[in-house]
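As structure tokens, the structure follows; a few thoughts come after it.
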Amino acid sequence: MGKIMSIGFSLKYHYEYNLSISINLEIDKFPHFLITGSSGSGKSYCLLYLLGKLMQTDPDIEVYFCDFKKSSDFEFLKQTSHYYTGRDCYHGVMDYYKKFSDVRENGCSDKMHILIFDEYPAFINYMQMQDKINKSKCANEILGAVSEILMLGRGISFGVWIVTQRADSALFSNGARDNFMVVIGLGNLSKEQRTMLFSGYELPDIRFGVGEGLVLADGLELTMIKYPMISDTSDWKTHILRILNCSADDQ
């Protein structure tokens, strides 16, 4: 059995029995996450929880974090070696893609790698505008790199976590969106979004609060999920930093 990670708690058991029952997955079998929801639905809160659990589960993991809007929630990661903001997110993705390509060619990595991109659609829109001005093709390079990693990364332990308000298929070329093993939809998604993400499933008639929603993982039933309150956010972030920096020192 691989490394077991908590991806949240069962909302059903919380509502019905006031119990905190963890939803667990083998992270090496589920490296690609799509986290979506409107503004205020709890995406950043969810991501902070998942990042902390990822560090606890696999402290040797190598994380690349692209924070296009330089959110105050993740600015603490500027103390790590693979943190990118603004236009530099282009270099973050391409650095990660180079590492991915090197491992595909040489097969020399013995650890898991994750690229986390917060506000991915906003970045793609920005890069497409820059491409028009500069007559460049940077946006297409990013779309192609991310899609290739989604389609081929699992076998060599390279994952992608994308955080977005909308998970439009145009963001993932050649049908790469179908390669997300875990889809988390937070808050009260539009009918269009619910159909896009959870087509063919009977969806519960419930209004979700902040940090609540639905999760669909390969081979598992559609499940209502809840993210617990982090009682000491500062300590949580310190814990994440300590593990990331220790991992970087060992590289």
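Pick from Gly37, Gly219, Gly175 the residue whose mean-square fluctuation is largest in a GNM of the chain, springs joining Cα atoms under 10 Å. Evaluated over the chain, the most mobile residue of the options is Gly219. Building the convex hull from the alpha-carbon atoms of region 48-157 and averaging its projection over directions returns 7.3 nm². Computing Rg and the Kirkwood Rh from the Cα coordinates of the chain gives a ratio, Rg/Rh, of 0.95. Were the residues from Asn125 through Arg104 laid out at 0.36 nm apart, the gain over their Cα-Cα distance would be 4.6 nm. Pull up the cross-link candidates among the lysines for Lys29, meaning alpha carbon to alpha carbon under 18 Å and not fewer than 8 places away within one chain. Reachable lysines: Lys3, Lys53, Lys111.
Springs between Cα atoms under 10 Å define the GNM used for the chain, and in it the highest mean-square fluctuation of Asp118, Asp67, Asp168 occurs at Asp168.
Could you point to the residue in His91, Gln165, Asn125 farthest towards the positive end of region 91-165's charge dipole, with +1 and -1 charges on the Cβ of Lys/Arg and Asp/Glu respectively? Most positive-ward Cα: Asn125. Absence of a disulfide-compatible partner, taken as no other cysteine beta carbon within less than 4.7 angstrom, is noted in the chain for Cys46, Cys108, Cys138, Cys246. If the segment from Asp73 to Ile230 were pulled out straight at 0.36 nm per residue, it would be longer than the present Cα-Cα gap by 55.2 nm.
Full extension of the chain segment joining Ser22 with Thr195 gains 59.7 nm, where the gain is 0.36 nm per residue of separation less the Cα-Cα distance. Backbone phi angles across region 10-22, fed through the Karplus curve with coefficients 6.51, -1.76 and 1.60 (θ = phi - 60°), yield HN-Hα couplings of 5, 5, 4, 5, 5, 5, 7, 10, 6, 10, 9, 9, 6 Hz in residue order; Gly and Pro are listed as x. Residues Val146, Val160 in ascending order of nearby Cβ atoms (within 10 Å, fewest first): Val146, Val160.
Any read-out appearing in this document is the output of simple, stated calculations on the displayed coordinates, not a laboratory observation. This one's a predicted model, so the numbers in the text were calculated from it and none came from an experiment. Note that we place each Cβ from the backbone using ideal geometry, even for glycine, and neighbour counts take in every protein chain shown.
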